[in-house]
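The values are calculated or read from the model by the stated rules, or taken from the named source; none is laboratory data. Everything quoted here is computed from the prediction, not taken from an experiment. A quick note on method: Cβ atoms are made from the backbone with ideal geometry, for glycine too, and the neighbour counts reach across all protein chains shown.
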Amino acid sequence: MMKTFKDIFEGLNSAYGQYIPSTVYSTNGKQKGRPFTVKKPVTDELWKNHLEGKEPALGIIPINEKSLCQWGCIDIDQYDFNHKKFIKKIRQKNLPLIVCRSKSGGAHVFLFVSEWIPATAMRAK
């Protein structure tokens, strides 16, 4: 399973994001924490720990060393978010998007493409 995730979420191999959650929550219910970038290679051990739910979380940077990407994600930080209504709109418009509920109740909206494209093109979409 790890290889599948690595293939799907391939990105920058020389750095990654991490997030260490705290026990404090904001007024909107989102857990606070400390995000940071680690300038070291992404290893199989990091992937394994992430998929097993071990902290700190692993954040793959979608843009590789050549400023190309195969996927992009929009983070929706609205916590009373109606996922079913949003997914219904996406299907009505026949958009190639995948919606996942985030831990905080918002959403992550993914777009995957079959070939590496310039990151500027992904951002424009």
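Taking only pairs six or more apart or across chains, which ones have beta-carbon atoms under 7 Å, a first residue in region 38-55 that is under 12 Å from Phe5 (Cα atoms), and a second residue that is in a loop (DSSP other than H, G, I, E, B)?
Close Cβ pairs (under 7 Å, with a partner that is in a loop (DSSP other than H, G, I, E, B)) amount to Leu51/Met1.
Report, by residue number, each residue of region 41-79 that is in a loop (DSSP other than H, G, I, E, B), in contact with a Leu (Cβ under 9 Å, 6 or more places away or on another chain) and surrounded by 11 or more Cβ atoms within 10 Å (Cβ to Cβ). Even if it seems obvious, please write down each step before you answer.
As a first pass, look at region 41-79 and keep what is in a loop (DSSP other than H, G, I, E, B): 41-43, 52-56, 60-67, 77-79.
Keeping just the survivors that are in contact with a Leu (Cβ under 9 Å, 6 or more places away or on another chain) gives 42, 60-65.
Residues satisfying the conditions are Val42, Ile60, Ile61, Pro62, Ile63, Asn64.
Of the residues that sit in region 103-125 and are outside any strand (DSSP E or B) and of a type in the set (A, V, I, L, M), which one is surrounded by the most Cβ atoms within 10 Å (Cβ to Cβ)?
Taking region 103-125 and keeping what is outside any strand (DSSP E or B), we get 103-106, 119-125.
Still in the running and of a type in the set (A, V, I, L, M): 119, 121-122, 124.
Details: Ala119: 16, Ala121: 12, Met122: 18, Ala124: 7.
So, considering only residues that are outside any strand (DSSP E or B) and of a type in the set (A, V, I, L, M), the one surrounded by the most Cβ atoms within 10 Å (Cβ to Cβ) is Met122.
What pairs can you find where one residue is in region 73-88 and in the same structural domain as Arg123 (by TED's automatic domain parsing), the other is surrounded by fewer than 14 Cβ atoms within 10 Å (Cβ to Cβ) and at pLDDT below 90, and their Cβ atoms are less than 7 Å apart, with a gap of 6+ or different chains?
Hits for this filter: Tyr79/Asn28; Tyr79/Gly29.
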